[in-house]
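Have a look at the structure below before the remarks.
The values are calculated or read from the model by the stated rules, or taken from the named source; none is laboratory data. Note that the coordinates shown come from a computational prediction; the quantities given were computed from them, not determined experimentally. Because the Cβ atoms are built from the backbone with ideal geometry, glycine has one as well, and the counts that use them run over all protein chains shown. These area figures cover heavy atoms from the full protein model, side chains too; ligands, DNA and RNA do not enter into them. Shrake-Rupley method; radii C 1.70, N 1.55, O 1.52, S 1.80 Å.
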Amino acid sequence: MEKECKKSLFVSIVGRPNVGKSSLLNMLVGEKISIVSPKPQTTRNKIIGILTKENTQIVFTDTPGMLRPKNKLGNYMLGEINNSFSGAEAIIHVVEAGKNVHSDDVKFIEKFKKIGVPVILAINKIDTLKQKSDIIKNIKEYSELMDYESIVPVSAITSDGYFELLCEILKLAKPSVFFYDEDDITDQTQRTIAAEIIREKMLYLLDQELPHGVAIFIEKFQFRSDNEVDISALIQCERSNHKAIIIGHRGQMIKKIGTLSRQELEEMMSCKVNLKLWVKVKENWRNSDAVLRDMGYMLEKN
């Protein structure tokens, strides 16, 4: 009887870098569980987001954007994209409003057709359009390439189209037990979220490619009895000059990174956070199996 009353659905969110997949996931779940930044390839691994509404549970998987690997970390990220299709019962294909169809989106569509599960097209960032008629053009172009289950214009920033998109997703849920507790919103630990928040602040504060060459290791995460938590994090970068930039003149940059990270962590955990950061150089860590394993990335063997 319990299985007959409940429904569930596993949904993969896929698309090119910087189209707003993580922002869309945060909007759908109603909480920030995936970091966002203006830079592409912010997401490095699969992020699980869980939404439970009455008798229905939707399990979302946010994935890295389609990329061309330049190192072992890139290979892992590409593997995360391919693995996200396994077990997916539906897919949300995210594209950017007002942009022409990209060759990577055509590749995604080819994969969708082979998998044979329902695919919803989410045309994101409609808030950035000067002419709303561009959406009509997008709908026409993508409809000619694939028979989508539905097409929903949406803005993950303003939440326009949220209810329309959610309704289309809920329609696809099937009778099932719940796979997570009803109050769960993600499978990530607080340590993982803390590391990602620190990396997010670096993506905003540092220029160009430098933030993509850093890794965050939480060395200490310990709650006190007086509603405080002590967090120590190691920022690992690839070059000595990168370390100097991260620390900044008289330590101003790392202080700014720490302040913004601490403020968000305190808001998230509703307690005082004592955050300590330091920087270490590890050349070419993105090609190091040992480092990537320490970060929890399981590399595919050739």
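Quick notes on this one:
- Test for GLU300: is it of a type outside the set (A, V, I, L, M), open to solvent by 40 Å² or more (accessible area, probe 1.4 Å), farther than 18 Å from ALA194 by Cα and modelled with pLDDT under 80: yes
- Checking PRO64 against (1) modelled with pLDDT under 90; (2) touching a strand residue (DSSP E or B) at 6+ places or on another chain (Cβ under 7 Å); (3) crowded, with 21+ Cβ neighbours inside 10 Å, the condition it does not meet: (2)
- Check on GLU168, acidic (Asp, Glu), more than 24 Å from MET268 (Cα to Cα), touching a Ser or Thr at 6+ places or on another chain (Cβ under 7 Å) and open to solvent by 20 Å² or more (accessible area, probe 1.4 Å): yes
- LYS276 being at pLDDT 95 or above, open to solvent by 80 Å² or more (accessible area, probe 1.4 Å), assigned to a strand (DSSP E or B) and within 23 Å of VAL36 (Cα to Cα): yes
- In segment 171-180, residue farthest from LEU28 (Cα to Cα) [restricted to those that are open to solvent by 100 Å² or more (accessible area, probe 1.4 Å) and over 21 Å from the mean Cα position of the chain (by Cα)]: LYS174
- Each residue in segment 223-260 was checked for being within 20 Å of ASP294 (Cβ to Cβ) and not in a helix (DSSP H, G or I), and 9 of them qualify.
- Members of segment 116-161 found to be small (Gly, Ala, Ser), on the phi < 0 side of the Ramachandran plot and in contact (Cβ under 8 Å) with a residue 40 or more places away in the chain, listed by number: ALA122, ALA156
- Scan of segment 181-198 for residues that are open to solvent by 40 Å² or more (accessible area, probe 1.4 Å) and in contact with a helix residue (DSSP H, G or I) (Cβ under 6 Å, 6 or more places away or on another chain), ordered by number: ILE185
- Sole residue being among the small types (Gly, Ala, Ser), at pLDDT 60 or above and either open to solvent by 40 Å² or more (accessible area, probe 1.4 Å) or assigned to a loop (DSSP other than H, G, I, E, B) (or both), chosen from SER86, SER23, SER12: SER86
- Of all the listed residues (SER225, SER261, SER232), the sole one being of a type in the set (Ser, Thr, Tyr) and at pLDDT below 90 is SER225.
- Figure legend. Inter-residue proximity from segment 232-257: first residues touching a residue at least 24 places away in the same chain (Cβ under 8 Å) and within 21 Å of GLU196 (Cβ to Cβ), second residues surrounded by fewer than 18 Cβ atoms within 10 Å (Cβ to Cβ) and acidic (Asp, Glu), beta-carbon distance below 7 Å, spacing 6+ or different chains. Indicated pairs: SER232/GLU219; ALA233/GLU219; LEU234/GLU219; GLU238/GLU283.
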